[in-house]
Amino acid sequence: MTKRSLGPLALLLVAGCGTTQITTPEAMRDYVRAQRMMSKFETFEVQRPYAAVTRDLKRRSEDCLDREFKITQVQEGIVLGSRERADGTTRYIPVANIGATKAEFYTKFWDSKARAVNTPAGDKMVFYVADVTPKGRNATSIDLYSWNVDRYRWGETAVKAWARGEDPGCPTLNGMY
């Protein structure tokens, strides 16, 4: 097994330890609220209008996170040298549900090699959920449900920066696996 294939496997093992797969925002919220393994909850507030925060979160997540990567496995051997072969694809799917008084943002993940552990309907794993609510004319609150594993902290870092109106660039998702 290559180093690149360990990331999705680790997330699947974490999400699958004695539970069903975390494939919906509500399942992620429930998992984190129960203080399950490797989960994290945080509430923070930004001094920006709700409309500006939701606009930036939607735009940046679509620009940065709507991605598909081809995974290449490299096998090295003394006799045969290096060989590369296609090892499937990894797909990130950002979702935004924006209402007048509440918005929900999350990113789903699907790996073509992890089909056996995904549900038959092809549901995707959820990386994080951000619930956004207005707290006045120029303040917005964000409840962030995420993983506390360093490898997946990109979701938390991106949501926080984008909610503040910052543009730190897009997370480098390709190098995760």
Label points 7 Å out from Cα along the Cβ direction at residue 36 and residue 97: separation in nm? 1.8 nm
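What net charge is computed for the residues neighbouring residue 45, neighbours being all others with C-beta under 14 Å from the C-beta of residue 45, Lys and Arg scored +1, Asp and Glu -1? Working shown, then result.
Values: positive: 48, 135, 137, 160, 164; negative: 42, 131, 143.
That works out to +2.
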Flagged as over-length at 20 Å C-alpha distance, from 108/160; 58/108; 102/160; 102/135; 40/160; 102/124, the pairs are 102/124
Using the Karplus equation 6.51 cos²θ - 1.76 cosθ + 1.60 (θ = phi - 60°), what ³J(HN,Hα) coupling, rounded to whole Hz, does each residue of the stretch 47-59 give in order, writing x for Gly and Pro? 8, 8, x, 3, 4, 5, 5, 5, 4, 5, 4, 5, 4
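Every number in this text was worked out from the coordinates using simple rules, so none of it is lab data. Just so you know, these numbers come straight off a predicted model, no measurement behind them. Reconstructed Cβ throughout: ideal geometry from the backbone, glycine too, with neighbour counts over all protein chains shown.
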